[in-house]
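S.K.: Supplied in structure tokens, the structure appears directly below.
The values are calculated or read from the model by the stated rules, or taken from the named source; none is laboratory data. From a predicted model like this one, the values you see are computed outputs, not experimental measurements. All Cβ positions, glycine included, derive from the backbone under ideal geometry; neighbour counts span all protein chains shown. Ligands, DNA and RNA are stripped out before the accessible areas are found, and what is left, the full protein with its side chains, is counted by its heavy atoms. Shrake-Rupley method; radii C 1.70, N 1.55, O 1.52, S 1.80 Å.
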Amino acid sequence: MTGAVLAFAPSRHLQGQTHAVSQTVPTSSPNLSKTGERSTQPHPQNIILSHKQSTSQEQRINYFEKYFQIGTSLMDISWLNGSVGIAQTEWRRHHRELGYSRSRQVTLAFVLSAISIGFGSLSWVVGQEIITDASDLRSVVSLAVAIVFVWLVIRSSSLTSRRFEQLAPDALLTTVPVRAVVLGLTLFILARLGAVLAVPTLGVAIGLALGTGSPGIAISVIVAILILTTLAVGVGTAGRLASILVGRRLVRGNLYKSLLVLFGWVPFLVLFLLLREFSIPIDQLITWFDWLPLVLIGDLALLGAGEQAGVEPLRGLGAIAAVALVVPFLLGLTTVFTRRLWETDPGGSTQQSTSSQEDSLGNRDWLGGLLSVHIPRPTITMARERLLTERRVPRGLLNTAYVVLIVGVVGFPLFAIFAAPGFLLLVFALGIAIGIVFGSEPISKSYKVLPMLLTTIRGRDFVGGHVLASLIVGIPLITIVVVPLGVVSDASFVETIVLTLTGVVLCACTASVNIAFGMGVNREDLVPVPGFFTNVPLYGEMGWAAFSGLIKTFAVVSVVLFPALLGNSQLIYGQLEPLGFPTAIVRIGGLCITILLALGVSKIAFGIAVNRYHNYAL
């Protein structure tokens, strides 16, 4: 008689796998009689042996079950090894992508050493100040901590975006959980930033230790920078994944994200101008940073100086406790965002599709009904196409950054030399900016449909559509901005109307001139270029050729504006007023000359653009 025993054995690597082991154990031994017949009675010795074997097998089963439970509990934390492996792999990949040669490594080491020496020298001076009077340095340290924190967040966000796109979720999720990937990516970013900050941090720590004469401050500074880096990595990683998730869920998420990247600096510029306008001193601005939570990390950095720094120990230790609570929460958020990106449909949207709501070239002909009396329908269709394309992918909006740059570098000093009002500079900037949005890169924007356009519409319709699109946006926008400012300024009603008309005419002039230069681009010189707002490849020129048309357009329109600049210059009308020329007449006269000159230049540029369109060869 035989019995079967089932035992569970853990796998070799504690992966929690079960293996059924079937063994046949004899419980009785058959006895043969003298006549050769098999006896049905079990032998007493076999009964004892069977009992011993069953007891030992039960002990083995209990041992295997306990061992299996231990292996299962260890399996819950085995994903930490996967996180370390992911971090190491990303480190190797990043190092290989950079392709550090020996000469580059030497150069980098030299640069970091120089930075470390510079920071060390500055820290030595700060250490000397801590000995004499540390009360005024707290605000400075808080400001420095805030600046470093912002830089670390931006850098960690950039690294997260670059490395997250190269991860292979289909392969990773079959071997490790999502939290292992998140932790591994976070460890890599932390190690990468730590490698960059190691040498400068050492310089700062040594400089402060030598300046204050207290070796303890070196340790507190290193700990504070480590905590600051950890917090910044958590914020940067979670923030970037949140932006990616929002960008995928929203219908126009890429547009909003690109606008934030391109024009995120505008609020800071406005803040700077407001501070300058209200004459708020820098010292008072620095004291505002004392209310930031990051000041606790600054206190932790100065904690090693002892009583010289005047820092309460509880505030420094509070920074450690706060970061210890915040970082796990940020890691949890990052895990949630990653799981949503990988384990749910990334093509979803929080809004309904607007494809049926957006105007097509044949729907809602309000524009045609308004302008078709005097303007050909092909021109209106081309203008509608420009407006619709720019609304979906505002490629021309990028060029307004160059307008801001040129106006700031050239316009402000020039108007300051001629003592001209800034109101005129604003009108000039608005007109040229709107004209460049719709008049720049006419061949590049129509690259894929250019053969169809050349064989279906006339040159006047093509060029006129771009100019009409700029006027459709420029007329209401310039009016909304200029008229209220003219009412509150010292300009008269007539001057305000003429200024508004000047801005509109400059807008049309800029569009015409820009199209004339843009039509001289050879289609073979256009190559795929990276762009914002869309993942579809865009075409454009490379190098200096991409900016030469804008520079030429700005130069031509600046010459057109020159009579208005002279007429509104205090140096000019101040000398003409004693001769019997009223100031208002001189100023309005300069604007009128600019309007007439802009109309003439627009007509010439329009004709050149139409002629180039007719003679364009693919």
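S.K.: Only one of (1) at pLDDT below 85; (2) over 29 Å from the mean Cα position of the chain (by Cα) is not met by VAL145, so which one is it?
M.R.: Result: VAL145 passes all but (2).
S.K.: For region 440-473, name all the residues that are touching a strand residue (DSSP E or B) at 6+ places or on another chain (Cβ under 9 Å) and part of a helix (DSSP H, G or I).
M.R.: Across region 440-473, the qualifying residues are ILE443, SER444, LYS445.
S.K.: Would you mind listing the helices (runs of 4 or more DSSP H) fully within region 545-618 where at least 2 residues are surrounded by fewer than 20 Cβ atoms within 10 Å (Cβ to Cβ) and at pLDDT 90 or above?
M.R.: The qualifying helices (runs of 4 or more DSSP H) are 545-567, 583-614.
S.K.: Between residues in region 481-509 that are open to solvent by 10 Å² or more (accessible area, probe 1.4 Å) and residues that are assigned to a helix (DSSP H, G or I) and among the basic types (Lys, Arg), which pairs lie under 8 Å by C-beta distance while being six or more apart or on different chains?
M.R.: GLU495/ARG587
Conditions (1) closer than 28 Å to GLY298 by Cα; (2) touching a residue at least 12 places away in the same chain (Cβ under 8 Å); (3) not aliphatic (A, V, I, L, M), marked per residue:
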residue: ILE147; (1), (2), (3): yes, no, no
residue: VAL153; (1), (2), (3): yes, yes, no
residue: THR160; (1), (2), (3): yes, yes, yes
residue: PRO169; (1), (2), (3): no, yes, yes
residue: THR175; (1), (2), (3): no, yes, yes
residue: VAL178; (1), (2), (3): no, yes, no
residue: LEU185; (1), (2), (3): yes, yes, no
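S.K.: Do you know which residues across region 205-225 are over 18 Å from PRO313 (Cα atoms) and open to solvent by 30 Å² or more (accessible area, probe 1.4 Å)?
M.R.: ILE206, LEU210, GLY213
S.K.: Can you pull out every residue in region 431-478 that is touching a helix residue (DSSP H, G or I) at 6+ places or on another chain (Cβ under 7 Å) and without any contact (Cβ under 8 Å) to a residue 24 or more places away in the chain?
M.R.: Matches in region 431-478: SER446, LEU453.
S.K.: Restricting to region 148-161, count the residues that are open to solvent by 70 Å² or more (accessible area, probe 1.4 Å) and aliphatic (A, V, I, L, M).
M.R.: 2
S.K.: Separate question: Give the residues of region 420-454 that are modelled with pLDDT under 85 and of a type in the set (S, T, N, Q), sorted by residue number.
M.R.: Residues satisfying the conditions are SER444, SER446.
S.K.: Another question, then. Which of (1) touching a Phe, Trp or Tyr at 6+ places or on another chain (Cβ under 8 Å); (2) open to solvent by less than 20 Å² (accessible area, probe 1.4 Å); (3) of a type outside the set (S, T, N, Q) does GLY465 not meet, given it meets every other one?
M.R.: Here GLY465 clears every test but (1).
S.K.: May I pose another question? Quick one: count up the residues across region 412-432 that are aliphatic (A, V, I, L, M), closer than 19 Å to LEU550 by Cβ and either open to solvent by 20 Å² or more (accessible area, probe 1.4 Å) or not in a helix (DSSP H, G or I) (or both).
M.R.: Selection size over region 412-432: 3.
S.K.: Determine which member of the set VAL483, VAL437 is in a helix (DSSP H, G or I) and either of a type in the set (Asp, Glu) or under 18 Å from GLY518 (Cβ atoms) (or both).
M.R.: Selected residue: VAL437, the only one of VAL483, VAL437 that is in a helix (DSSP H, G or I) and either of a type in the set (Asp, Glu) or under 18 Å from GLY518 (Cβ atoms) (or both).
S.K.: Kindly provide the set of residues from region 162-183 that are open to solvent by 40 Å² or more (accessible area, probe 1.4 Å), within 24 Å of VAL327 (Cα to Cα) and either part of a loop (DSSP other than H, G, I, E, B) or among the acidic types (Asp, Glu) (or both), ordered by number.
M.R.: GLU165, LEU173, PRO177
S.K.: Within the bounds of region 185-200, is there any residue that is open to solvent by 70 Å² or more (accessible area, probe 1.4 Å) and either more than 21 Å from the chain's Cα centre (by Cα) or not basic (Lys, Arg) (or both)?
M.R.: Checking region 185-200: not a single residue is open to solvent by 70 Å² or more (accessible area, probe 1.4 Å) and either more than 21 Å from the chain's Cα centre (by Cα) or not basic (Lys, Arg) (or both).
S.K.: A further question follows. Of all residues in region 305-339 being over 25 Å from VAL176 (Cα atoms) and open to solvent by less than 20 Å² (accessible area, probe 1.4 Å), which is modelled with the lowest pLDDT?
M.R.: Here the residue is ALA309.
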